[in-house]
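Read-outs: derived from the displayed coordinates by stated rules, not from any lab. Just so we're clear, the structure is a prediction, and the values are computed from it rather than from any experiment. We place every Cβ from the backbone using ideal geometry, glycine too, and count neighbours over all the protein chains shown.
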């Protein structure tokens, strides 16, 4: 919350005046640029997951002066049966698609869009914008989180808690290990993604201009956490813009034990850098698709923004059961979370479009590692077992030698990469 915009972004915005950043963007009607090589080349692409997250853009964007997303409706093979169109404003500067909920739908839709011959997405900024569960340790209902990490926390062995070993704290066990707090030794590749922190920080500054929607009923539910003491103070305050990370699980989980387990997974798998905050169902699936297509030069992985808003808390307040918290009581966060997708998101869209020529067209250079746990792009991450490509990144078209290291790392102890206190990780069998 104490980020200095000038310190981190002065060089990035050297040719832009700060008053330009604040101004409302005016759409560019040069359709030639939108049709690079005969294809639609949007500057900004919004990824929604289900109807309410999309409708807030359809209903409100026209009043912003940025255009009407229902002006152009584009079909292409492979989109969701429920959401069969990509929607764009008249000058194609902004487009939006709804993927359908959960990982398979998200991956299928984003792959269909990115491989469609109708689009050129090489310079497009993508924003995943959806609602999520929120940790009461980090933010209140309705809060907006901009993330650096996305962690696929459910990609583990699972025991029913009634059958787990007595010395386990959770029924989740990382692949290839014998104890919950070890780092996985069998890696699938989608466990962790890291996004462009410099872009995240700029998006945070833009989003911070928003007047967020609030609710007295949501605030009253947040006040229930006051009995837990200072640890949950954030839950008792109003909606805010925060920097914290998103976890992915197709299972819609709720409760103290699961939330604490996945909080520990986040800390471990990111080498202590990640801050568990938002719980979602799609992010890692979308990011895996964008990683694969970045290898092929079809998208720029440095141009991805991950934004989630808190619609419900991931664990109950004191004296409320996990079941009642999830299925009986109304936390009253849904509507303000939907509202704040737009209120925060539109400020980010305005900033990118207004400063396109002087800043965003050429891209925001990352100052951190970006990519997946494999090192599929370039660089060496500070989490995981290390780059499988020795920092070089995979070549497009599958033109890679067969002797790259595999996802399992026999004989290599990787506890130093961030595992919580516990036994040294065993080699994959």
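Just need the relative contact order of segment 162-297 here, percent rounded to a whole number, with Cα pairs under 8 Å and 6+ apart.
Details: 126 pairs, mean separation 31.3, N = 136.
Relative CO of segment 162-297 lands at 23 percent.
Mind giving me the FRET efficiency for residue 161 and residue 209? R0 is 51 Å, r the Cβ-Cβ distance, nearest 0.05 is fine. Spell out each step's value before the answer.
On the way: r = 44 Å, r/R0 = 0.87.
With a Förster radius of 51 Å, E is 0.70.
At 0.36 nm per residue, minus the direct Cα-Cα distance, what do residue 358 and residue 323 gain on full extension? Give it in nm, one decimal, please. The partial results should precede the final answer.
On the way: separation 35, 0.36 × 35 = 12.60 nm, distance 5.14 nm.
Residue separation times 0.36 nm, minus the Cα-Cα distance, leaves 7.5 nm.
Modelled label-to-label distance, residue 169 and residue 90, 7 Å Cα→beta-carbon offset: nm?
5.8
Return the whole-Å distance between the Cα centroid of segment 255-275 and the Cα centroid of segment 280-323.
So the separation of the two Cα centres works out to 15 Å.
When N is the residue count of segment 123-189, what does its C-alpha Rg come to as a fraction of 2.2 N^0.38 Å? Walk me through the numbers on the way to the answer.
Numbers: Rg = 16.3 Å, N = 67, 2.2 N^0.38 = 10.9 Å.
Its radius of gyration relative to the 2.2 N^0.38 Å reference: 1.50.
Bin all alpha-carbon pair distances of segment 247-365 at 10 Å intervals from 0 and give each bin's fraction as a whole percent.
Pairs per bin, as whole percents: 11, 30, 35, 18, 6, 0.
Under 14 Å from a point placed 7 Å out from the Cα of residue 104 along the Cα-to-Cβ direction: which residues of segment 249-286 have their backbone N that close?
Counting only backbone N, you get 250-251.
Rank-order 186-193, 161-168, 147-154 by packing density, defined as the average count of other C-beta atoms within 10 Å over each peptide's residues, highest first. Before the final figure, lay out each step's value.
Values: 186-193: 22.5, 161-168: 10.0, 147-154: 25.9.
Final packing ranking: 147-154, 186-193, 161-168.
If you count, for each residue, the other Cβ atoms within 10 Å and average over each peptide, how do 313-324, 135-146, 234-245 line up from highest to lowest?
Numbers: 313-324: 17.6, 135-146: 26.4, 234-245: 21.0.
Descending mean neighbour count gives 135-146, 234-245, 313-324.
Please give the Cα centre distance for segment 38-65 versus segment 71-105, rounded to the nearest Å.
Taking the Cα centre of segment 71-105 as reference, the centre of segment 38-65 is 9 Å away.
List the equivalent ellipsoid semi-axes of segment 264-318 in whole Å, largest first, each obtained as the square root of 5λ for an eigenvalue λ of the Cα gyration tensor. Can you show the working numbers first?
On the way: eigenvalues 152, 43, 16 Å².
Output for segment 264-318: semi-axes of 28, 15, 9 Å.
For a Förster distance of 30 Å, can you work out the FRET efficiency between the beta-carbons of residue 252 and residue 55, rounded to the nearest 0.05? Could you put the intermediate results ahead of the total?
On the way: r = 21 Å, r/R0 = 0.70.
FRET efficiency, residue 252 to residue 55: 0.90.
Once you put a point 7 Å from the Cα of residue 63 and another 7 Å from the Cα of residue 233, both along the Cβ direction, what distance in nm separates them?
Result for the modelled spin labels: 3.6 nm.
Along Cα→Cβ, 7 Å out, is where each label goes; now give me the distance between the ones at residue 382 and residue 115 in nm to one decimal.
3.6
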